[in-house]
Amino acid sequence: MPGRKSPGPSVKDPELYEKLRDEGNSKEKSARIANEAASSSRSKVGKRGGTAEDYEDRTVSELRERAKEIGIEGRSKMKKSELIDALRNH
């Protein structure tokens, strides 16, 4: 990781973390994915998900509830489009 600060001891797979950061993911999301991959296996992490309803098909209340679950601040004053953007880029 030349030229970059170490992600710290809480990141269990620094190589994957850096790859995810290079792709433009947030620090939090990169750490979450890297740690999950380290605790199981990289091949399982991407394949485990099910099908989820599109954010556009959800109500503002449902979007705010999801934003609350993952800790997005200012969600109560956000419009639907802002909530969707915040959820996708968290």
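Quick notes on this structure:
- Taking residues in region 65-90 that are assigned to a helix (DSSP H, G or I), and partners anywhere that are loosely packed, with under 13 Cβ neighbours inside 10 Å and acidic (D, E), the pairs with Cβ atoms closer than 8 Å and at least 6 places apart or on different chains are I84/E56.
- Exactly one residue out of N35, N25 is outside any helix (DSSP H, G or I), within 17 Å of the chain's Cα centre (by Cα) and modelled with pLDDT of 80 or more: that is N25.
The values are calculated or read from the model by the stated rules, or taken from the named source; none is laboratory data. Small disclaimer: the values here were computed from a predicted structure and weren't measured. Neighbour counts run over all protein chains shown; Cβ positions are idealised from the backbone, glycine included.
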